[in-house]
1. Counting only Cα atoms, I'd like the Rg/Rh figure for segment 24-126, Kirkwood definition for Rh.
2. Sticking with the crude label model, points 7 Å out along Cα→Cβ, report the distance from residue 130 to residue 92 in nm, one decimal please.
3. Residue 48 to residue 74: extension gain in nm, 0.36 nm per residue of separation minus the Cα-Cα distance?
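Nothing in this text is a laboratory measurement; each read-out follows from the coordinates by a stated rule. Predicted model only: the values in this text are computed from it and were never measured. Quick reminder, even Gly has a Cβ in these numbers, built from the backbone with ideal geometry, and neighbours come from all protein chains shown.
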């Protein structure tokens, strides 16, 4: 009975010591992340409009490749065009939005994602209505 208790205690220590490792591609320190786009930096829409999704991840500002721990950090999103509607920054590292139908000529704007001192721009181009 005593041997099994000692064995159980040693097994528990071994599990705790090895079971808490994070994959090497993630860092735990999220103090200096930079946004890296996973989707295209230019998005094209027909005159009819539609839904857009921008995907991103956070990488180290120091080396631009080390990914940060996938904790839900929402990016701040800005767009001055009224025809880009329902903009939402989500916890799954995406930004969703709707592009309203275009009754006029071709138009374009920029959606800016930012976190801390870093930001990225995504150009939104929409075709004009054919006459």
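1. Radius of gyration over Kirkwood radius for segment 24-126 works out to 1.03.
2. Between residue 130 and residue 92, the label points sit 3.4 nm apart.
3. The span from residue 48 to residue 74 would gain 6.5 nm if fully extended.
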